[in-house]
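Everything below concerns the one structure shown next.
The values are calculated or read from the model by the stated rules, or taken from the named source; none is laboratory data. All values derive from a computational prediction rather than experimental measurement. Neighbour counts are summed over all protein chains in view; Cβ atoms, including those assigned to glycine, are modelled from backbone coordinates with ideal geometry.
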């Protein structure tokens with residue numbers, strides 16, 4: 001009878017070796033991560049600033065500088081750090097001579113697939129929304145994403161009525177999206193045919209944002225015009 | 001190395017991922033990014049480059065530490081290493097270009113669960129010295145990028161009528177929007193797999209036929 005030759009079992013690994021390995025690997029990886037984070041932070045922040053500035057300048061043609069502010073019931077402060085309670089962010093854009101061109105703010109509402117985030121410009125003298133750009137969306141390509149390119153849709157934002165009532169507490173007329181071809185008033189947004197859900201999301205987002213921001217902003221517009 | 005099998009040369013090691021074991025067309029691995037971000041050639045290249053970077057980084061580290069990592073904790077170790085390089089590439093892309101970063105969206109972070117990378121660490125890097133592991137990882141990364149580019153360029157040509165952002169067909173072209181949607185990804189992948197497998201099946205048969213002829 002031949003004895004079965006069994007391979008020797010592998011030597012047992014000590015618990016210490018396992019913990020040591022995991023500890024060393026985690027430490028090496030931790031150091032790599034922290035180094036990368038610290039070295040890329042400045043470039044990432046700069047990229048974000050440039051991207052935001054580009055987006056604001058696109059909705060406010062002719063702007064040369066911009067500054068971010070928070071407006072709250074207590075007043076307007078420059079946006080450095082945490083927002084004050086109830087504070088809303090907006091951007092004031094000025095031309096090369098330092099004159100206030102318009103203010104811009106971000107708005108968002110649920111579209112067909114996800115949040116549609118847009119940037120709009122508000123002209124305080126004429127009390128109209130006269131600039132529009134898409135910040136982020138996940139709408140269907142070829143349908144919902146027409147809000148970026150559709151000429152007819154973008155024409156809605158030449159002078160979209162955003163007048164405040166005499167007390168300055170709310171919009172006189174709520175901004176709303178209407179079916180393609182059914183626009184009758186200056187505060188209505190003519191939807192893109194086939195992309196009504198996305199168009200209405202844009203209208204709702206702007207209405208919600210402007211309805212809150214503009215009443216807060218109204219008492220400070222004159223001051224904003226003076227400040228360089 | 002498997003006993004009795006000859007050690008592959010560096011060139012074979014490199015070509016393995018590019019052709020013989022192409023991650024997209026042969027192993028059909030890493031399909032989540034392959035289908036999700038390949039709506040344009042630029043996106044495909046960026047995703048390919050990011051994945052190649054993670055493959056190279058993790059292959060080097062796993063290979064260097066291969067004699068030091070006990071079998072029992074190897075998967076945990078590989079995952080930590082891969083996650084580290086994915087986070088690094090995430091920061092790097094955001095620092096280089098926010099446009100690319102936003103186009104790729106959450107799929108950069110999802111490289112962490114690309115089975116091809118853990119597969120390479122387990123099947124190759126943990127058994128080979130650093131240079132060999134890097135060569136193989138580079139081949140795999142380029143093979144993956146090539147697969148993504150094959151998908152991305154076809155989808156961009158039909159879905160947007162352009163390639164690398166350059167319009168090809170003029171204003172009259174009506175884009176095939178379905179190509180930019182998930183089903184389009186499957187259509188194109190299916191077509192490429194068909195072509196690739198037909199080619200692979202055909203080559204040995206053709207050789208055999210030629211051989212028979214020459215002997216006959």
Going through (1) touching a helix residue (DSSP H, G or I) at 6+ places or on another chain (Cβ under 9 Å); (2) within 9 Å of chain A (Cβ to nearest Cβ) one by one, residue B:134 fails only at (2)
Is one or more of the residues making up region B:185-202 within 14 Å of chain A (Cβ to nearest Cβ) and either within 17 Å of the chain's Cα centre (by Cα) or surrounded by fewer than 16 Cβ atoms within 10 Å (Cβ to Cβ) (or both)?
yes
Subset of region A:166-186, residues assigned to a loop (DSSP other than H, G, I, E, B) and buried (at least 20 other Cβ atoms within 10 Å of the Cβ), comes to A:175
Checklist entry - Taking residue B:85, is it closer than 30 Å to residue B:105 by Cα and either within 14 Å of another protein chain (Cβ to nearest Cβ) or in a loop (DSSP other than H, G, I, E, B) (or both)? => result yes
Here the qualifying pairs (Cβ atoms under 9 Å; residues six or more apart or on different chains; first in region A:213-226 and at negative phi; second modelled with pLDDT of 85 or more and in a helix (DSSP H, G or I)) come out as A:224/A:217
| Quick check: is even one residue across region B:65-72 crowded, with 18+ Cβ neighbours inside 10 Å and under 16 Å from the mean Cα position of the chain (by Cα)? | no
Restricting region B:53-77 to residues that are outside any helix (DSSP H, G or I) and touching a helix residue (DSSP H, G or I) at 6+ places or on another chain (Cβ under 9 Å), the one farthest from the other protein chains (Cβ to nearest Cβ) turns out to be B:66
The lone condition residue B:109 fails out of (1) away from chain A (no Cβ under 12 Å); (2) in contact (Cβ under 8 Å) with a residue 24 or more places away in the chain is (2)
Residue hits (region B:75-88; crowded, with 18+ Cβ neighbours inside 10 Å and farther than 17 Å from residue A:31 by Cβ) are B:78
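Residues checked against (1) modelled with pLDDT of 85 or more; (2) touching a strand residue (DSSP E or B) at 6+ places or on another chain (Cβ under 9 Å); (3) outside the structural domain of residue A:195 (by TED's automatic domain parsing):
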{"residue": "A:32", "(1), (2), (3)": "yes, no, yes"}
{"residue": "A:38", "(1), (2), (3)": "yes, no, yes"}
{"residue": "A:48", "(1), (2), (3)": "yes, no, yes"}
{"residue": "A:51", "(1), (2), (3)": "yes, no, yes"}
{"residue": "A:65", "(1), (2), (3)": "yes, yes, yes"}
{"residue": "A:85", "(1), (2), (3)": "no, yes, yes"}
{"residue": "A:89", "(1), (2), (3)": "yes, yes, yes"}
{"residue": "A:107", "(1), (2), (3)": "yes, yes, no"}
Filtering region A:183-197 down to residues that are over 14 Å from residue A:132 (Cα atoms) and either touching a strand residue (DSSP E or B) at 6+ places or on another chain (Cβ under 6 Å) or not assigned by TED's automatic domain parsing to the domain that holds residue A:149 (or both) yields A:183, A:186, A:187, A:188, A:191
Counting only residues that are assigned to a loop (DSSP other than H, G, I, E, B) and within 16 Å of residue B:71 (Cα to Cα), region B:118-137 contains a total of 2
Picking from A:51, A:63, A:55, the residue that is in contact (Cβ under 8 Å) with a residue 12 or more places away in the chain and within 14 Å of chain B (Cβ to nearest Cβ) would be A:55
Tell me whether region A:109-116 contains one or more residues that are under 24 Å from residue A:173 (Cβ atoms), surrounded by fewer than 22 Cβ atoms within 10 Å (Cβ to Cβ), at pLDDT 90 or above and in contact with a strand residue (DSSP E or B) (Cβ under 9 Å, 6 or more places away or on another chain). yes
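Mind listing just one residue for me: the one in region A:123-168 that is in contact (Cβ under 8 Å) with a residue 60 or more places away in the chain and farther than 30 Å from residue B:177 by Cα and, of those, farthest from the chain's Cα centre (by Cα)?
Initially, region A:123-168 is screened for residues in contact (Cβ under 8 Å) with a residue 60 or more places away in the chain, giving A:124, A:129, A:131-133, A:135, A:137.
This time we only want the ones that are farther than 30 Å from residue B:177 by Cα, so: A:124, A:129.
Values: A:124: 21, A:129: 17 Å.
Here the answer is A:124.
Might you check whether a residue that is in the same structural domain as residue A:209 (by TED's automatic domain parsing), closer than 17 Å to residue A:174 by Cα, touching a helix residue (DSSP H, G or I) at 6+ places or on another chain (Cβ under 6 Å) and not in a strand (DSSP E or B) occurs anywhere in region A:132-155? Give the derivation first.
Of region A:132-155, the ones in the same structural domain as residue A:209 (by TED's automatic domain parsing) are A:132-155.
Those left that are additionally closer than 17 Å to residue A:174 by Cα: none.
Looking through region A:132-155, none of the residues is in the same structural domain as residue A:209 (by TED's automatic domain parsing), closer than 17 Å to residue A:174 by Cα, touching a helix residue (DSSP H, G or I) at 6+ places or on another chain (Cβ under 6 Å) and not in a strand (DSSP E or B).
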